[in-house]
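Please read the structure below before turning to the comments.
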Amino acid sequence: MKRICLVSPRANSLKNIVHDIEAVLLSHRMHFLEVTGYESNQQLYEKCEKVIHVNALTPTWTRHVVVNLLKLTQMRPHVPSLFYFTLDGDMIKEMTPEWYLDYENYVANSNASRERAERAGLVVKGVVYHGVIPEQIRGILQLKNNFRDFLKEKYGNKVIFGVNESNLERKGWRQFMKAWEKASREVDNILLYALTNYDLSEYASTLGNIYVDPSYGKMSRIEVLQKMSAVDVGIVPSLAEGFGMPLLEFNALGKPVIHGDFPPLSEISIVDNYKLKVVNFTKYRMEGESTDGIDYTFMLWDADEMAKTIVKIAEEGAKSIDNEKVLEKFDANKLYLDLLDYAS
């Protein structure tokens with residue numbers, strides 16, 4: 001059996017992808033798998049027969065990944081490798097080293113990520129969407145949801161909306177909270193479950209209809225999915241994405257989602273979701289030492305349309321969706337085996 005080594009990033013969202021790939025391979029009993037951090041790359045290459053990096057393609061923060069992959073192709077050309085990446089915006093030319101173009105086995109997680117990388121001159125071999133494990137999702141849906149019961153007992157019989165996003169600027173929290181405040185003034189039967197490290201303390205105390213979960217980044221994948229399944233409707237307020245995993249996860253759990261209608265969210269939104277028209281866009285670039293070398297285009301949806309959508313759901317109920325359609329198209333058992341074919 002071949003030794004396949006997955007090199008995991010620090011970002012929690014991408015670590016979850018690595019764990020899903022691991023679970024798929026182990027369930028098929030096809031390969032020995034080792035998950036390791038990138039700090040042990042040299043040792044890793046000496047004992048692996050395939051190497052797969054899963055990371056964001058950012059010129060500043062992940063150049064070590066490309067350097068190590070180029071070293072691998074030079075020193076151990078018989079070891080197949082690939083860089084499975086997400087890309088949330090355009091790579092800033094003056095910050096992107098020319099040797100990024102020398103590595104030849106990039107695989108994107110969406111067509112949007114692929115197009116951005118190709119604009120920078122990289123050769124992308126293909127696209128493999130992120131997936132969910134159907135057996136895992138079905139198992140969660142069969143269980144009694146104690147967390148939903150807790151929210152209902154604490155706040156009463158309200159329509160529960162859920163967000164699972166970090167505090168990054170591109171996640172759209174400021175825009176979203178404008179919409180949530182407006183909707184809260186019109187209806188009183190809504191509750192927001194916020195799994196985030198974004199500071200919502202002022203909103204929570206003022207509005208009284210927000211439950212902020214302090215466990216963001218500290219729970220297992222199963223626990224996160226169980227909590228996401230407690231809501232009636234998911235919300236993905238992002239203004240720029242490379243994929244948009246919460247959209248896929250909410251849909252896989254049978255929850256319709258409110259989201260901006262732009263790629264890649266529009267790529268993976270294959271069921272009857274609530275899509276918000278993009279009414280404007282703006283450029284955003286991280287400043288100072290924290291810059292990641294990405295030029296973001298923020299796709300601005302209308303906060304008023306978001307608020308009206310929330311109110312309509314509160315008054316009329318949420319759409320029902322076919323989550324089996326989602327599980328079929330984004331079946332990790334198929335997608336991540338396809339991914340392996342690129343490292344051969």
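The values are calculated or read from the model by the stated rules, or taken from the named source; none is laboratory data. The model shown is predicted, which means the values in this text are computed figures rather than measured ones. Ideal geometry is used to build each Cβ from the backbone, glycine not excepted, and the neighbour counts take in all protein chains shown. Remember, those area values only see protein heavy atoms, side chains included, never the ligands or the DNA or RNA. Shrake-Rupley method; radii C 1.70, N 1.55, O 1.52, S 1.80 Å.
General observations
- Candidates LYS158, LYS218, LYS144, LYS182, filtered to the one that is surrounded by fewer than 22 Cβ atoms within 10 Å (Cβ to Cβ), at negative phi and in contact with a Leu (Cβ under 9 Å, 6 or more places away or on another chain): LYS158
- Any chance GLU186 is over 18 Å from GLN226 (Cβ atoms) and more than 23 Å from the chain's Cα centre (by Cα): yes
- Looking across region 246-277, just one residue is closer than 19 Å to ARG138 by Cβ and of a type in the set (Lys, Arg), and that is LYS255.
- The set of residues from region 85-110 being in contact (Cβ under 8 Å) with a residue 60 or more places away in the chain and in contact with a helix residue (DSSP H, G or I) (Cβ under 6 Å, 6 or more places away or on another chain) comprises THR86, LEU87, ASP90, SER110.
- Any pair with Cβ under 8 angstrom, 6 or more apart, that starts in region 244-262 at a residue that is at pLDDT 95 or above and open to solvent by 10 Å² or more (accessible area, probe 1.4 Å) and ends at one that is among the charged types (D, E, K, R) and assigned to a strand (DSSP E or B): ASP261/LYS275
- Checking ASP304, ASP295, ASP338 one by one, the residue that is over 28 Å from GLU186 (Cβ atoms), in a helix (DSSP H, G or I), in contact (Cβ under 8 Å) with a residue 24 or more places away in the chain and more than 18 Å from the chain's Cα centre (by Cα) is ASP338 and no other.
- Against the test of being open to solvent by 10 Å² or more (accessible area, probe 1.4 Å), polar (S, T, N, Q), farther than 25 Å from ASN197 by Cα and at pLDDT 85 or above, the options THR86, THR96, THR36, THR58 yield a single qualifying residue, THR96.
- Selection from region 106-129 of residues that are open to solvent by 10 Å² or more (accessible area, probe 1.4 Å) and closer than 19 Å to VAL18 by Cβ: VAL127, TYR129
- Taking the listed residues GLU153, GLU135, the one that is outside any loop (DSSP other than H, G, I, E, B), farther than 26 Å from ASN12 by Cβ and open to solvent by 50 Å² or more (accessible area, probe 1.4 Å) is GLU153, with no other qualifying.
- Odd one out for THR309, checked against (1) in a loop (DSSP other than H, G, I, E, B); (2) under 16 Å from VAL236 (Cβ atoms); (3) among the hydroxyl-bearing types (Ser, Thr, Tyr): (1)
- Residue in region 113-121 that is assigned to a strand (DSSP E or B) and among the polar types (S, T, N, Q) present: no
- Taken together, the residues in region 242-292 that are farther than 21 Å from VAL159 by Cα, of a type in the set (A, V, I, L, M, F, W, C) and part of a loop (DSSP other than H, G, I, E, B) amount to 4.
- Scanning region 226-239 for residues that are outside any strand (DSSP E or B), among the hydrophobic types (A, V, I, L, M, F, W, C) and surrounded by fewer than 24 Cβ atoms within 10 Å (Cβ to Cβ) yields MET228, ALA230.
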